[in-house]
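Below is one structure; the comments refer to it alone.
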Amino acid sequence: MQAINIKKLSKTYEDGTQALTEVDLSVAVGDFAALLGVNGAGKTTTIGILTGLVKKTSGQVSVFGFDLDSQLEKVKEQIGVVPQEMNFNIFENVIDIVVNQAGYYGIPRKTALAKAEEILKKLNLWDKRHAKGRELSGGMKRRLMIARALIHEPRLLILDEPTAGVDVELRRGMWDYLQELNTGGVTILLTTHYLEEVEQLCKNASVINKGSIILSDSVRNLMSTVESEVYLVNIESTENLKNWNHQDVTVKDENTLEISVHKDHSVTEALKLLEERGVIAISIRPKSNRMEELFLNAVKQ
Ligand SMILES: Nc1ncnc2c1ncn2[C@@H]1O[C@H](COP(=O)(O)OP(=O)(O)O)[C@@H](O)[C@H]1O
Ligand SMILES: [Mg+2]
């Protein structure tokens with residue numbers, strides 16, 4: 001049994017937009033999986049279908065063995081979803097937003113209150129429990145949506161671009177919490193275009209582009225397929241590089257080189273090569289990370 005099992009899922013919106021074309025996607029129980037794709041690729045549509053908000057055109061979807069068509073309520077019970085757009089009542093208190101959600105699942109208020117306390121404390125929102133939704137910062141609003149998604153203790157947590165608009169420090173805090181949930185047995189699927197997020201958090205990733213899955217593998221395998229990584233090197237001058245043709249080195253301007261480092265080599269080796277030519281590197285930074293490279297390559301194909 002898979003946490004998510006999607007077969008040949010297609011979706012054409014009423015205006016004729018074909019958002020998904022025969023998408024196959026499976027997420028194992030206990031996985032921390034990513035659905036990666038640029039804007040408009042079909043991520044939110046996929047999630048909308050999984051959570052019963054968007055009607056599929058064709059294909060099969062099951063969640064922990066429950067069929068979306070015949071057991072929608074069961075499917076919904078399994079899933080906690082953190083939507084891309086804020087959709088809580090901003091005039092309600094934090095604690096009410098979380099506890100009222102429990103009502104939809106028939107959870108008694110007393111049980112829900114205890115659970116809400118536990119989750120809000122974990123997400124550093126307990127001090128804000130009497131604040132109105134609209135008084136929260138962007139990061140807090142996002143965490144509130146996570147708290148609300150977890151109130152019925154779902155086995156599967158789906159997050160649609162969870163860290164968009166969340167600052168770097170808070171993002172790390174959120175990552176730690178998501179990792180803790182996953183270790184505790186919650187299967188997680190997140191959509192993102194922050195590739196760093198996938199590299200840090202996820203075990204498996206699928207890349208979706210124009211409504212089709214173009215790549216699906218373990219993050220480790222996906223990363224090892226990236227042949228080389230490109231670095232930008234800041235140098236004092238290109239003087240010593242005149243008439244030097246090296247396939248992995250491109251002169252960008254007087255003070256910048258682009259070097260491509262094959263996965264079997266290290267940056268240090270590359271820098272040594274430059275040093276032998278009398279070129280001193282002042283600073284070096286990756287032009288893009290491996291995952292980004294991979295993603296761009298996949299989309300180009
Ligand atoms: N309600 C809708 N009606 C018509 N087209 C839509 C609707 N929602 C999304 N789309 C279109 O479907 C495609 C996939 O969108 P979406 O699933 O939101 O992508 P993503 O979440 O990856 O950015 C896009 O072309 C988008 O414009
Ligand atoms: Mg989206």
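Overview of results
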item	result
Sites LYS132 and ASN221, calculated FRET efficiency, Cβ-Cβ separation with R0 30 Å, nearest 0.05	0.05
Beta bridge orientation in the chain: antiparallel %, DSSP, nearest 5	65 percent
Restraint check, LYS115/LYS210; LYS128/LYS210; LYS122/LYS263; LYS55/LYS141; LYS7/LYS141; LYS76/LYS132, Cα-Cα greater than 32 Å	LYS115/LYS210; LYS128/LYS210; LYS122/LYS263; LYS7/LYS141
In Å, descending, principal axis extents of the Cα set of the chain	76, 46, 36
Difference of contour (0.36 nm per residue) and Cα-Cα distance, LYS252 to TRP175	24.1 nm
Placed amide H near ILE235: partners under 5 Å, 5+ positions off or other chain	THR256, LEU257, ILE282
Gyration tensor verdict on segment 1-125 (Cα atoms; rounded if a/c is under 1.5, prolate if a/b is larger than b/c, oblate otherwise)	prolate
Helix axis angle, 168-183 relative to the chain longest principal axis, alpha carbon, degrees	60 degrees
Burial ordering of MET223, MET1, fewest other beta-carbon atoms within 10 Å first	MET1, MET223
FRET efficiency, HIS262 to ASN240 (Cβ-Cβ, R0 25 Å, nearest 0.05)	0.65
Quarter of the Cα convex hull surface for segment 111-258, i.e. its orientation-mean projected area (nm²)	13.6 nm²
Prolate/oblate/rounded label for segment 228-300 (Cα gyration tensor, a/c 1.5)	prolate
Check: the chain dipole with +1 on Lys, Arg Cβ and -1 on Asp, Glu Cβ, in debye	1160 debye
Cut-off under 5 Å, modelled amide H: who pairs with THR163 long-range	none
Between segment 155-185 and segment 253-285, the Cα center-to-center distance that results, in Å	36 Å
Calculated from backbone phi, Karplus (6.51, -1.76, 1.60) coupling profile of segment 257-262 in Hz, x at Gly/Pro	10, 10, 10, 9, 10, 5
Using θ = phi - 60° and Karplus 6.51 cos²θ - 1.76 cosθ + 1.60, couplings along segment 106-115 (whole Hz; Gly, Pro as x)	x, 7, x, 4, 5, 4, 5, 4, 5, 5
Table column - 3J(HN,Hα) (Hz), segment 63-69, Karplus curve with 6.51, -1.76, 1.60, x for Gly and Pro	10, 6, x, 8, 7, 4, 6
Cα shape, segment 106-174, gyration tensor, a/c 1.5 rule	oblate
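Where a number appears in this text, it was derived from the coordinates with a stated rule and is not lab data. Being a predicted model, the structure only gives us computed values, none of them experimental. Heads up, the Cβs are rebuilt from the backbone with ideal geometry, glycines too, and the neighbour counts pull from every protein chain shown.
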